[in-house]
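What follows is a single structure, written as structure tokens, with notes after it.
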Amino acid sequence: MKFTDGYWLLREGVTASYPAQVLDVTASDGALEIHAPTRPIRSRGDLMTGPVLTVRVHSPMPDVIGMTLTHFTGGESRGPEFELTASDTTAEISYDDEHATLTSGDLSVRLARGGPWDVEFLAHGRTLTRSGHKNAGIMRDASGAHHLREQLVLTVGTSVYGLGERFGPLVKNGQVVDIWQADGGTCSEQAYKNVPFYLTDAGYGVFVDHPGQVSFEVASEVVSRVQFSAETQELTYYVIHGPTPKDILRRYTALTGRPALPPAWSFGLWLSTSFTTSYDEETVTSFIEGMRERELPLSVFHFDCFWMREFHWCDFRWDPRVFPDPEGMLARLKARGLRVSVWINPYIAQRSPLFAEGKALGHLLRRPDGGVWQWDMWQPGMALVDFTSQAARDWYAGKLEALLAQGVDCFKTDFGERVPLDVVWSDGSDPERMHNYYTYLYNRTVFEVLRKHRGEQEAVVFARSATAGSQQFPVHWGGDCEATYESMAESLRGGLSLGLSGFGFWSHDIGGFEGTPTPALFKRWLAFGLLSSHSRLHGSRSYRVPWQFDEESVDVARRFTRLKLRLMPYLYETARTAHTEGLPVMRAMVLEFPDDPGCAHLERQYMLGPDLLVAPVFSDEGDVTYYVPEGTWTHLLTGEPVTGPRWVRERHGFLTAPLLVRPGAVIPLGARDDRPDYDHADGVTLRAYGLRPGDEVTVPVGDVTFTVVREGNTLRATCADPAAAWNLAAGDREVQAPPGTDSLTLELGR
């Protein structure tokens, strides 16, 4: 939200009060409390009127410092609040004649005492960012609404990333971003997944701890600052030190929660019925049989909306006209080795029998007059489940448990963005704060049902909406994209932005959702989709089975599906890193190469884990331009070397794409290419790329850890596996290898 009219003036109707100086500082329980009047105190007469801004400085964990700005404290805190995890930390507080300083780990905040308002965040003696004259403020807009605002300085050359899944430019400098859930597709500034956290390449990130609407002006209203504001009397933000972008994400996800580890089977190919297409068991079986006949490995089959009767979404009952024997059908699908997903949402149509049941039990969201809130936009007369009520959550979970008992394995948790404000929540939550937060309660409810009944290692959803903390409930997908190259590119930008916001796993609709892709576009998107965290064939009004496009599409789907399945030892270890450290599987180049200025703005390529560079092809002809960082990289599919740093131009057929291995990497390839959930270490192949004499690389694969060492022209692999006898003489295997690209194959059996 913009408050100013250029540098000197405020916008018409806006009034502002800025902290002018620090009147006093006190320390208590490891925190600082500051009172900052909004006028200079020159005499006792200046002490008679306000406003006075109260500032609390605190640290929930090392290298994270929070600032809480408060104006009036008399209001009632209605919630909700983000669920944050604090760790034991001892912040050090010091004073001198000019400053008060709080230090947590390597991060310090220093406040000027007595003089003009000046708050400086430092690490290792270097200023990261600061809030100075007229940066923090109490702002009233033309309507009289009360906002708290902060502005943090951007040093020269600093790029800003994150703020959720946003489909515009990856670097947010110059953008206006409102943290407000919306169902706007992938082609607009609106977003399904809004996260009030941004990451910089200058050694720090900032998390605004406010679940409602937060307005960010990122080097826009004031081009040298990031401004954020919210309509509230109290606003907390955390500065999170790195120094690297990876370190920032580790600390941010330690604070807000790290992703669960999805089951290995979820990394295989998902096939959907699509949205409004006609289907029954015969249609579904024909798709599955067609995949088998064409040797296209399939892991999950998904039933979209019309598994239920029209106008009954959601009643969680199979349409008896189309699926008269759902238990038998699910058993037949399971006998084919498939997992089953079904579409759900948190809306209850008026015609659904659950509407009357939910109304009678008080589980549906209410209007201020006590009636059920309803509208007709998605389903006629639909209501929302009130997930602020434990009883309502248990009721909703019970409906899902019945589906799990039938044989369903997981759920696509669609929607959760269209949450109204003219309502009363059962726990008294503030409707403005609940608008964004609703998706957290919705997806947590579903995820916990799966975790309870399928086990900790089997729970997975396919979610569209999210906010801070929702990364704990993977997987998330990009929403409604069009069947165009432009939309394919905007989807990638959204996924990379989400990864820089703490989310480890992300997917998208291969071929685009709206419209039907051309065969060429479909084949290009297949390569991109199967080199993503999770891979799903899904559309709106047309099927997405490859032979609907052309026979070459079948070849492309087969090649890249089988490639992904062989990469599972590598991908699943990357997934473990997402689970334990909060680093995404699909990584913006800046995350891996923060010191390479050539990577700062790259948004048409990414790192798949730490060692594979992927550059999707966005044209029929196959022309692609991408950047290669320093070193001699190797095309995984062809073995050709590419030396950087430089830009590369190539032309690729449909059966290839730029997929480069980082120099000095060892890539484990699995022995199977027909399914993702196999023993990844059994029969593994280790491929070493560009190891120099003396290099030693540790390669974890499942419960086994290999160590690959190059000694002169000899590569030696060793492994320690106390749980099984490995077919290795004296515990190691060595091969002679020429310089350059080296391949070491271990054919091992348990």
Item to check | Fraction of accessible area attributable to carbon and sulfur, the range 190-284 (%, probe 1.4 Å) | outcome: 42
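Going by accessible area, probe 1.4 Å, with all protein chains left in place, what is the ranking of Glu231, Glu289, largest first?
Working: Glu231 110, Glu289 45 Å².
Final ranking, largest accessible area leading: Glu231, Glu289.
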Checklist entry - When ligands, DNA and RNA are left out and all protein chains stay put, how many square angstrom of accessible area per residue does the range 459-498 have with a 1.4 Å probe? => result 14
Item to check | Overall dimensions of the chain as given by Cα atoms, namely Rg and Dmax in Å | outcome: 27.3, 88
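Highest mean first, how do 429-442, 360-373, 410-423 rank when packing is the count of other Cβ atoms within 10 Å averaged over residues? Don't skip to the end; give the middle numbers.
Working: 429-442: 23.4, 360-373: 15.4, 410-423: 20.1.
Highest mean packing first, the order is 429-442, 410-423, 360-373.
Quick one: with all protein chains in place, what share of the accessible area of the range 1-83 is carbon or sulfur, to the nearest percent (1.4 Å probe)? Could the numbers behind the result be given before it?
Details: 2400 of 4720 Å².
On the range 1-83, the fraction of accessible area on carbon and sulfur atoms equals 51 percent.
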Checklist entry - Which Cα, out of Gly371, Met488, Val195, lies furthest along the positive dipole direction of the chain (beta carbon charges, K/R +1, D/E -1)? => result Met488
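I'd like to check one number: the per residue accessible area of the range 138-178, probe 1.4 Å, reported in Å² as a whole number.
On the way: 1180 Å² over 41 residues.
Per-residue accessible area for the range 138-178 comes out at 29 Å².
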Item to check | Positive dipole terminus of the range 1-106, leading residue within Trp8, Thr89, Thr70 (C-beta point charges) | outcome: Trp8
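Per residue, how many Å² of accessible area does the range 310-433 show with a 1.4 Å probe? Before the final figure, lay out the partial values.
On the way: 4750 Å² over 124 residues.
Per residue, the range 310-433 has an accessible area of 38 Å².
Size of the dipole of the chain about the Cα centre, Lys and Arg at +1 and Asp and Glu at -1 on the beta carbon, nothing else charged, in debye to 20?
Details: 71 positive and 96 negative charges, 47 e Å.
The calculated dipole for the chain is roughly 220 debye.
Order Ser43, Ser215 by their accessible area, 1.4 angstrom probe, all chains in place, largest first.
Working: Ser43 65, Ser215 10 Å².
Greatest to least solvent exposure: Ser43, Ser215.
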Next on the checklist: Could you report the accessible area of Phe306 in Å², rounded to 10, computed with a 1.4 Å probe on the protein chains as they sit in the structure?
Outcome noted: 70
Next on the checklist: For Glu310, Glu603, give me the order by solvent-accessible area with a 1.4 Å probe, most accessible first, ignoring ligands, DNA and RNA.
Outcome noted: Glu310, Glu603
Item to check | With every protein chain in place, the range 542-603: carbon and sulfur % of accessible area (1.4 Å) | outcome: 47
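The values are calculated or read from the model by the stated rules, or taken from the named source; none is laboratory data. The structure presented is a predicted model; accordingly, all values stated were derived computationally and were not measured. Glycine gets a Cβ as well: all are built from the backbone with ideal geometry, and neighbour counts include every protein chain shown. We work out accessible area using only protein heavy atoms, side chains counted, and drop any ligands, DNA or RNA first. Shrake-Rupley method; radii C 1.70, N 1.55, O 1.52, S 1.80 Å.
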